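A short write-up of the structure that comes next.
Computed from the coordinates by the stated procedures, all read-outs in this text should not be read as laboratory data. Since the structure is predicted, the reported quantities are computational estimates derived from the model, not experimental observations. Here the Cβ positions follow ideal geometry from the backbone for every residue, glycine too, while neighbour counts run over all protein chains shown.
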Amino acid sequence: MDRQEVPTRVGLVCPDIRGKSTHHDIDARLAEFEGLAGAIRLDVIFSEIVKVREIRPATYLGAGHVETLAARVKADEIDLLLIDAALSPIQQRNLERETGTKVLDRTALILEIFGERAATREGVLQVELAHLNYQKGRLVRSWTHLERQRGSGGMGFMGGPGETQIESDRRQIGDRIALLEDRLEKVKKTRAQQRRRRTRAQIPVVALVGYTNAGKSSLFNRLTGAGVFAENLLFATLDTTVRKIELPHGREVMLSDTVGFVADLPHDLVAAFRATLEEVIDADIILHVRDIANPDHAAQAQDVLNVLDELGVSAETTSIIEVWNKIDLLDETDLALAAVPAGKVIASVPVSAHTRQGLDALLLEIEKALGEQSRTYNVHVPHAAGSDIGWLHSHAEVIAREEPTEQGSDFVVRIDPRHRTEFLERFNGRISAADL
């Protein structure tokens, strides 16, 4: 997208709320917020931490802070104020009125970044759905905001202020949301069909997850030879990419790169990207990629686990391998201090996607994990249960089949965890553990 010759002049405000428990260091939080602004190349004129004793229902910030901001907006000719918080529609409107400039909160900024990054048709649909769900809550008594939007390429269907118009806007947004959800449901069904084909082909799925800018796409490129866009930018990758790779002893897996997570990732975005994130939900193994050289890596790891939990994924449901990336930026002492797993993991592997250090060890860990997940069984199938043979070929790896007898056929099969419960129920009384 072409940028204006004169970039938007922006002021950043990172509220430090007294008594609010957060696992992120406030300086790291400000640095990340600056990174978010830089992701869409805004001209940051000032960036500061503001101590907040209590959140004001009307303006979020105290009257003194708002007055100071208004003066600074005027003096520095600020076009946009970005507040690192989740503002209510009323707080946003009041801040715009008091400061005399446009105001966006953290959620809106992330939505703007996603809107610029989305490259595929699916990505565009997902971002638009999230944006509309967010905007829907901003339609109540927010005339000033809508009037300002209208002159700068906002939602084209928004008319003039008035109760009748606001109801019309809400209805049209609702209709558009329903249409997008229908289209994304079709995307979800297509992805489900693709996953079923991979399941029938007995190809396990290994999904990369991690905080944005942890190096997932660089690692993906190193392991697959793909050319996925990888740059030192927050949310450089939005669209899921899947490639087949071969493990050291010949077994093939599908490696999936996904959108990066971030602190306070908007719920609407998680919901909108759920079709994409199904790759994570159904993965056999998750590689949690961590930027171990980032001073805030422990808090970032917790944010990733929080999003996985929102998706219904945990170490209890899926094997997780931590990948400690960017070890080339640390000496041995710093690495030893930094390298502590976040939650329950089956292995932790130090790597550098930049230098390729540790990649062979990572592939061996993936292979080992898959081997431990799968179990091998002897199965007897009577002649009358022909459909069971079809089930075995569709859902198991058939290692051997004995010559049929009058009683039926005997198989040696390997079962992945995702099918084990159904297998045990279906073949109850006709199986025994194989000694291979």
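With the helix formula -39500 (n - 2.57) applied to DSSP H stretches of n ≥ 4, the chain reaches a computed 222 nm mean residue ellipticity of -14000 deg cm²/dmol. Taking the DSSP beta bridges with both ends in segment 9-113, the antiparallel portion is around 5 percent.
Beta bridges from DSSP with both residues in the chain: antiparallel share about 35 percent, rounded to the nearest 5. Checked against a 25 Å cut-off, the cross-linked pairs 244/344; 188/216; 188/244 give Cα-Cα distances beyond that limit for 244/344. Principal semi-axes of the equivalent ellipsoid, √(5λ) from the alpha carbon gyration tensor of segment 342-382, are 33, 13, 6 Å from largest down. Taking 246, 403, 279 in turn, the Gaussian network model of the chain (Cα-Cα springs below 10 Å) assigns the largest fluctuation to 403. Of all the options 94, 378, 294, the one that moves most in a Gaussian network model of the chain with Cα springs shorter than 10 angstrom is 378. A simple spin-label model places pseudo-atoms 7 Å from Cα toward Cβ; at residue 384 and residue 177 they are separated by 5.5 nm.
Put a dot 7 Å past the Cα of residue 316, heading toward its Cβ, do the same for residue 360, and the two dots end up 3.9 nm apart.
Put simply, the convex hull of the Cα atoms in the chain casts, on average, a shadow of 25.6 nm².
Taking N as the number of residues in segment 9-113, what value does Rg over Cα atoms divided by 2.2 N^0.38 Å take?
Taking the Cα Rg and dividing by 2.2 N^0.38 Å, one obtains 0.98.
Remark: segment 374-433 projects, on average over all directions, an area of 3.6 nm² (convex hull of Cα atoms). Of all aspartates and glutamates in the structure, those lying under 15 Å Cα to Cα from residue 326, and not within fewer than 8 positions of it along the same chain, are 231, 291, 296, 334. Annotation for segment 300-390: GluC sites (Glu not before Pro) lying in DSSP loop with at most 10 further Cβ atoms inside 10 Å of their Cβ are 316. Note on the chain: GNM, Cα springs under 10 Å; of 261, 423, 220, the largest mean-square fluctuation is that of 423.
Report the full-extension gain for the segment residue 121 to residue 434: residue separation times 0.36 nm, less the Cα-Cα distance, to one decimal in nm. Length gained, residue 121 through residue 434: 107.9 nm.
Spread over its residues, the convex hull of the C-alpha atoms of segment 203-372 is 104 Å³ per residue.
Just subtract the alpha-carbon distance of residue 407 and residue 333 from 0.36 nm times their residue separation and send over the number in nm, one decimal.
20.2 nm
The mean sequence distance of close C-alpha pairs (under 8 Å, at least 6 residues apart), as a share of the length of the chain, puts its relative contact order at 11 percent.
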